[in-house]
1. Tell me what the chain gives for mean residue ellipticity at 222 nm when only DSSP H runs of n ≥ 4 count, each as -39,500 (n - 2.57), the sum divided by the residue total, rounded to 500 deg cm²/dmol.
2. Within segment 170-295, how many Lys pairs sit with Cα atoms under 25 Å apart, leaving out pairs fewer than 8 places apart on the same chain?
3. Using a Gaussian network for the chain with springs between C-alpha atoms less than 10 Å apart, which of these wobbles most: Lys311, Lys348, Lys339?
4. Label Gln342 and Leu291 with points 7 Å out from Cα along Cα→Cβ: what is the distance between them in nm?
5. Using θ = phi - 60° and the Karplus form 6.51 cos²θ - 1.76 cosθ + 1.60, what ³J(HN,Hα) does each residue of segment 262-275 get, whole Hz, x for Gly and Pro?
6. How many nm separate the modelled label positions at Ala141 and Asp221, each set 7 Å beyond the Cα in the direction of the Cβ?
7. Which residues in segment 62-93 place their backbone N less than 12 Å from a point set 7 Å from the Cα of Lys3 along the Cα-to-Cβ direction?
8. Taking neighbour counts of Cβ atoms within 10 Å as a proxy for exposure, in what order, fewest first, do Ser109, Ser156 appear?
Amino acid sequence: MKKKWKVGLIGCGAIADGNYMPEIKAMDNTQMVSVCDIIPDRAREFSKKYDVPEWYDHIDNMLAQTDIEILVNTTSIPAHYEINMKALEAGLHLYSQKPIASTAEEVTSMITAAEKNDVKISASPVHMLRPVVQEVKRIIAEGIIGKVSYVRAPCSHGGPEYFQFRDVNPSWFYGKEVGPLRDLGVHGLHMVTGVLGSARSVVSMSGISEKERTIRSGKHDGEKIRPQVDDNTLLLLNFGSGTFAFIDSTYCVKASRSSFTEIFGSKGTIVMHNSGENPLELFLDDRSRELRGWTNPMKNWGDFQQSSGVKDLITAVEKDRIPVLTAEQARHVIEIMNKAQQAARTGKEIKLNTAFSINR
Ligand SMILES: NC(=O)c1ccc[n+]([C@@H]2O[C@H](COP(=O)([O-])OP(=O)(O)OC[C@H]3O[C@@H](n4cnc5c(N)ncnc54)[C@H](O)[C@@H]3O)[C@@H](O)[C@H]2O)c1
């Protein structure tokens, strides 16, 4: 009989409700044993709604009493590192929402704890598991668009208080440790580094554009937020050999018609859409065949969900391989985010010290 992995989830908020709980419950090799939230009512409601036997109001109580093998951490960003370390030290395999920690050094301590306790880490965001991203990596690796010069990755929306219906108070997104860079820019940074590899240096401009925000939905509708963190960050990465990437990471885009990643090479362009039937468009300039124009590669874009990182973690444990969403890439992205802030403050290009092996 197929093993059923015992899973616990901490952080019973929007993404857990919209994606992780229903998706993990539907997997045929998992058993959802416990849920936890610092707001006890949320944990109790989740345990009832999703028919989960145990609920807790603190990670320490959860770890002391529950018998799980995997922890899924979907708490708000400032809570990630402490919970992640506790889970790894308790010998649990870990899937964590992004960013998995605040500093590169914290991620190193997580990697050390995972090695010591013989457990694995799968680090959100989930882009490297998206079939379209795998295909983009193949196209680049086979030289189809030639030498990549430049990637443009927009990672902005109008702010969590504007963009999504929320019953949970979204003001934490505007706290010092969060902001659009750690909430949204992290996506583009994973995508760009996942395709091009480790970056060498970063420059950035960053500031607070809208001094006051008004919550637009849910229980906190009409309440005001005063951002403690930059809501408008633009950054450039240098990959060496004249290859650069530009990422905008803001809560200042109420609407846009260009929310896709574009990769520009010497023989063509790749356009990656976030959704839709044809997520990939390819422009090719093949002089030897007198061909120049756009094409839509036809593929089975496969079965992909927000919880694919949890699925991959389980497969990695069963096959004793490295999860696709590596902590080493997450560490590199966290270093970039911190150094981008330093670059914006000093007006200088800042060198990056971490690197990771690209998983082709
Ligand atoms: N909402 C989205 O569309 C979305 C998409 C992708 C990723 N994410 C990421 O998922 C995570 C959660 O986002 P969300 O939108 O669901 O936030 P949310 O505010 O709706 O939910 C977070 C939950 O975590 C709980 N929590 C906070 N600190 C805790 C602690 N120390 N112990 C236990 N519970 C704690 C809160 O009480 C809340 O219920 C974040 O890392 C976010 O960046 C969200």
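We did not get these values from a lab; they are worked out from the coordinates using the rules stated. Since we're looking at a predicted model, the values are computed, not measured. Neighbour counts run over all protein chains shown; Cβ positions are idealised from the backbone, glycine included.
1. -8500 deg cm²/dmol
2. For segment 170-295, the number of qualifying lysine pairs is 9.
3. Comparing Lys311, Lys348, Lys339 in a Gaussian network model of the chain, the most mobile one is Lys348.
4. 4.7
5. Values per residue, Gly and Pro as x: 10, 10, 10, x, 5, 10, x, 9, 10, 10, 10, 8, 6, 8 Hz.
6. About 5.0 nm separates the two model spin labels.
7. Of the residues in segment 62-93, 69-70, 93 have backbone N under 12 Å from the label point off Lys3.
8. In order of increasing Cβ crowding within 10 Å: Ser109, Ser156.
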